[in-house]
Every structure is written in C-alpha cells, then in structure tokens.
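Participant: First, the structure itself, so that you have it in front of you.
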Amino acid sequence: MIRGFSASYAGHVVDDNLGLQGMPANDRQYSNEKLSEAFSWALDIAQHLEGLGYDELWMAEHHFQPEGYECIPNLLMLSLYLATQTQKLKFGCGFNIAPMWHPLRLAEDFAMADILTKGRVMFGVGRGYHSREVETFGSPMLDSDANRELFEEQVEVILKAFNEEFFSHQGKHYKIPAKVPYRGYELEKISLVPRPTHPVEIWQPLVSGNPKGVDFMAKMGIKALIANTPEEALSGRLSMYQEAAANHGKQLKLGEDIALGYRFFIGETEEKAINEARPYFEEGMKFAAPLGLMRLDQDQIDAVANPGSARGVELPTLEAASASKAWLCGPPELIVEHLKKVEEQYPGIERINLGSVMGMPLNVFKDQLTKFAEGVMPAFAN
C-alpha cells in the first residue's frame with residue numbers, strides 16, 4: 001500500500017533554450033553564480049515540499065558540470081543545511097557516488113549528519129555513470145567490472161563501520177586499520193567515532209537489472225529505487241529483487257523495500273500535459289543519451305547531440321514514455337488510477353518518488369508538485 005511521497009532534485013539550473021531545437025548540451029556553460037543557484041533551488045524545493053506534506057527530498061551527488069545539469073557536489077553538507085531550514089522533511093542521498101570516496105570518510109560524514117539532524121538524512125550509494133568525475137577522482141568507471149568490485153568492497157567497509165563497535169577489513173582495495181604501532185600496541189581493529197545513532201536504511205538505484213548487482217543488494221540488505229521504468233519491464237525488476245532477497249533468507253512482498261520513481265506532468269488532458277512537458281523530456285534526453293543512460297543506437301545518440309543531423313532518425317517520444325508509464329502525464333485522476341493499479345499489482349510498494357526533469361524551471365516544478373499534492377496524494381491518505 002502506498003504510504004509516502006517524495007521528490008528528487010538532481011541539482012540542475014538549466015531552464016532555458018530547451019529541447020532538441022535548443023542549445024546542445026555540450027555547448028552550455030554557466031557562470032559560477034548561476035551554478036551556485038542549485039543550492040537556493042534545493043532550499044526552495046525543500047520548504048515547498050514540507051509545506052505540501054511530502055516526506056522526503058532526494059538529491060544527487062555529481063561533480064564538474066559547467067553545463068548546469070547536476071550541480072550538487074556534497075549531499076551530506078547540503079542536507080545538513082537544509083535540515084536547519086525545515087522542521088521534519090527527510091533528505092535522501094540519491095546517491096553518494098561511493099567510488100569517489102574513501103568508505104570510512106563517507107561513513108563518518110554520514111554518521112555526523114545522522115546525529116546532528118536526529119535521523120533526518122537517509123543513506124544512499126551508487127556506482128556512478130560519469131567517466132569525467134569518477135575517473136578524475138582516481139577510480140574506475142570505464143572498466144565496469146573494476147568499478148563494481150571497488151563499489152562492493154566499499155559497501156562492505158561502510159556496513160562494518162556502521163554496525164560493529166570495533167572492526168577490521170582485509171580486502172583487495174582496503175586494509176583497515178593500517179598495520180602500525182599505536183600508543184605502545186599493534187593496531188588490529190578500529191572504531192567509527194561516533195557511529196550513527198538512528199537506524200540506517202541504505203538505498204541504491206536499481207537501473208540495469210544486472211543479476212550480480214541485484215544479488216549484492218539483497219545480500220547486504222540494500223533497498224532499491226527503480227525509476228522511470230516502462231510498465232512492461234517493471235514486474236521483472238521487482239520479481240528479480242524479491243527472488244534475490246529470498247535467496248538470502250528474507251521473504252518480501254512483491255515491491256517491498258523498493259521505491260518507485262516517476263517523471264510526471266499534470267495537465268487538463270494527457271495530450272496537453274505531454275505537449276507542455278515535451279521540452280523537458282527532450283532536454284533530459286539530450287543530457288542522458290550520450291552518457292549511455294538510454295537504450296539508443298549511435299545514430300540516435302548523434303541526432304540527440306546534434307539536432308541538425310536528426311533528419312530521418314527516429315527518436316524516443318514522450319507519447320511513448322507516457323503510454324509505457326515511465327512518465328505519468330495527464331490529469332490527477334489518471335495518475336491516481338495508475339497508482340491504484342500499482343498498489344494492486346505490487347502489494348509491497350509503499351513509496352513513490354517524483355523526479356524533477358532536466359530543464360524544468362523551478363516555478364514549474366513547484367507548481368507540478370502542488371498539483372500532485374492536491375490532486376493525487378489525498379487518494380492515498382491512510
């Protein structure tokens with residue numbers, strides 16, 4: 001049964017010259033002052049969400065983006081600040097890119113945020129998808145197997161740090177603690193000081209449905225965010241996670257320990273909503289396609305990057321995304337109808353996340369969140 005609603009903001013400040021006929025993504029370059037507006041946007045969104053009765057704001061860690069698409073380099077610092085400007089809204093790390101951190105540094109910083117906010121920061125980790133940032137920080141991204149291997153060892157270290165008063169770790173990438181003399185004895189174990197004082201939920205995006213990755217999530221007790229997934233593929237992802245959990249001794253209802261994420265746009269009709277949202281859908285495609293985040297062939301990717309070469313190349317459409325329910329477009333009652341169907345099909349689903357879209361202006365996103373809160377959320381009041 002759906003019980004909670006949250007929103008996501010990845011930190012974009014792009015809000016003009018949008019769509020396939022707008023400025024190419026690689027040609028965008030904003031001033032430092034403009035890029036810094038991501039923090040004031042996040043504050044405005046957080047306070048707006050709290051006033052409307054949402055539960056959480058999820059944000060994304062990324063680096064080195066003068067193009068203005070993802071401009072939040074430290075989720076824990078920003079979440080800590082936003083918690084001082086709100087009363088009860090929680091802040092989700094969606095996601096800390098673990099390969100760009102030392103796992104003990106990330107564990108310490110989260111523990112501090114957990115304590116200072118009284119449990120209002122939610123922990124999330126991801127492997128990353130920008131070669132520019134992950135490789136620049138000295139970790140593998142182009143080598144997917146090496147990236148996964150590093151990430152999984154980092155998660156193991158973090159969980160030990162959270163859950164064990166004293167611990168050690170001997171792995172391929174980390175030897176913890178250092179084998180050094182200390183105050184007259186040989187150091188054999190170490191302690192995270194302080195550890196989190198509230199129960200820690202760990203979240204990770206479930207993107208590709210790779211069985212190895214899903215098995216690791218289930219083994220480590222990591223909860224999943226499945227976002228922007230066509231209806232025809234969703235059941236398979238949910239079943240895969242449920243089966244992996246069962247293999248590790250945890251019986252879950254279908255959809256349990258999973259949050260579903262959607263892009264959405266509310267309008268008088270589905271057609272009107274699609275027409276209004278089209279520039280944001282296309283801007284998101286301009287951002288995501290060259291990064292391999294959409295299943296496009298090279299001709300399609302080239303057409304997205306250089307619209308002048310798009311003649312004769314068929315590209316994804318918002319009409320198709322709406323029909324597949326990767327996007328929810330239309331009047332509130334149409335969205336309620338779909339989410340009620342989700343409740344029936346997947347009885348374990350409790351959380352719905354609403355994602356902002358690259359290029360959507362702040363005032364438009366806030367207006368959409370208001371329409372959703374007033375027109376959709378009351379149908380799920382428990």
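Participant: Within the range 1-35, restricting attention to residues that are touching a residue at least 24 places away in the same chain (Cβ under 8 Å) and of a type in the set (S, T, Y), which residue is farthest from P290 (Cα to Cα)?
Facilitator: So the residue we want is S6.
Participant: Of the conditions (1) closer than 29 Å to F372 by Cα; (2) part of a loop (DSSP other than H, G, I, E, B), E337 satisfies every one except a single condition; which number is it?
Facilitator: Result: E337 passes all but (2).
Participant: Which count do you get for residues in the range 274-304 that are free of Cβ contacts under 8 Å to residues at least 60 places away in the same chain and not hydrophobic (A, V, I, L, M, F, W, C)?
Facilitator: Number of matching residues: 8.
Participant: Among the residues of the range 43-62, are any assigned to a loop (DSSP other than H, G, I, E, B), surrounded by 17 or more Cβ atoms within 10 Å (Cβ to Cβ), out of contact with any helix residue (DSSP H, G or I) (no Cβ under 7 Å at 6 or more places or on another chain) and of a type in the set (A, V, I, L, M)?
Facilitator: Checked against the condition, which is being assigned to a loop (DSSP other than H, G, I, E, B), surrounded by 17 or more Cβ atoms within 10 Å (Cβ to Cβ), out of contact with any helix residue (DSSP H, G or I) (no Cβ under 7 Å at 6 or more places or on another chain) and of a type in the set (A, V, I, L, M), the range 43-62 yields at least one hit.
Participant: Could you tell me whether Y182 is out of contact with any Leu (no Cβ under 8 Å at 6 or more places or on another chain), surrounded by fewer than 12 Cβ atoms within 10 Å (Cβ to Cβ) and either modelled with pLDDT under 95 or hydroxyl-bearing (S, T, Y) (or both)? Outline the logic, then answer.
Facilitator: Values: out of contact with any Leu (no Cβ under 8 Å at 6 or more places or on another chain): yes; surrounded by fewer than 12 Cβ atoms within 10 Å (Cβ to Cβ): yes; either modelled with pLDDT under 95 or hydroxyl-bearing (S, T, Y) (or both): yes.
Yes: the conditions hold for Y182.
Participant: Name the residues in the range 108-152 that are closer than 19 Å to A83 by Cα, of a type outside the set (F, W, Y) and in contact with a Phe, Trp or Tyr (Cβ under 9 Å, 6 or more places away or on another chain), would you?
Facilitator: D109, A111, A113, D114, T117, R120, V121, M122, G124, listed by residue number.
Here's the yes/no breakdown for (1) surrounded by fewer than 21 Cβ atoms within 10 Å (Cβ to Cβ); (2) in contact (Cβ under 8 Å) with a residue 40 or more places away in the chain; (3) under 19 Å from the mean Cα position of the chain (by Cα):
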residue: L80; (1), (2), (3): yes, yes, yes
residue: T86; (1), (2), (3): yes, yes, no
residue: P99; (1), (2), (3): no, yes, yes
residue: R105; (1), (2), (3): yes, no, no
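Participant: So, one more: Identify, please: which residue in the range 245-261 is surrounded by fewer than 20 Cβ atoms within 10 Å (Cβ to Cβ) and either of a type in the set (A, V, I, L, M, F, W, C) or closer than 14 Å to R351 by Cβ (or both) and is, among those, nearest to the chain's Cα centre (by Cα)?
Facilitator: Looking at the filtered set, the residue picked out is E256.
Participant: If you scan the range 278-319, which residues turn out to be modelled with pLDDT of 85 or more, within 20 Å of Q29 (Cβ to Cβ) and loosely packed, with under 15 Cβ neighbours inside 10 Å?
Facilitator: Of everything in the range 278-319, just one residue is modelled with pLDDT of 85 or more, within 20 Å of Q29 (Cβ to Cβ) and loosely packed, with under 15 Cβ neighbours inside 10 Å, namely L291.
Participant: Further question on the same structure: Here are some residues: P199, P194. Which one is exposed (fewer than 12 other Cβ atoms within 10 Å of the Cβ), in contact with a helix residue (DSSP H, G or I) (Cβ under 8 Å, 6 or more places away or on another chain) and either more than 23 Å from A60 (Cβ to Cβ) or in contact (Cβ under 8 Å) with a residue 60 or more places away in the chain (or both)? Outline the logic, then answer.
Facilitator: Numbers: P199 fails: in contact with a helix residue (DSSP H, G or I) (Cβ under 8 Å, 6 or more places away or on another chain).
The match here is P194.
Participant: Restricting attention to the range 109-160, report how many residues are touching a Lys or Arg at 6+ places or on another chain (Cβ under 8 Å) and acidic (D, E).
Facilitator: 2
The values are calculated or read from the model by the stated rules, or taken from the named source; none is laboratory data. All values reported here derive from a predicted model rather than from experimental measurement. Every residue, glycine as well, gets a Cβ built from its backbone with ideal geometry; the counts of neighbours run over all protein chains shown.
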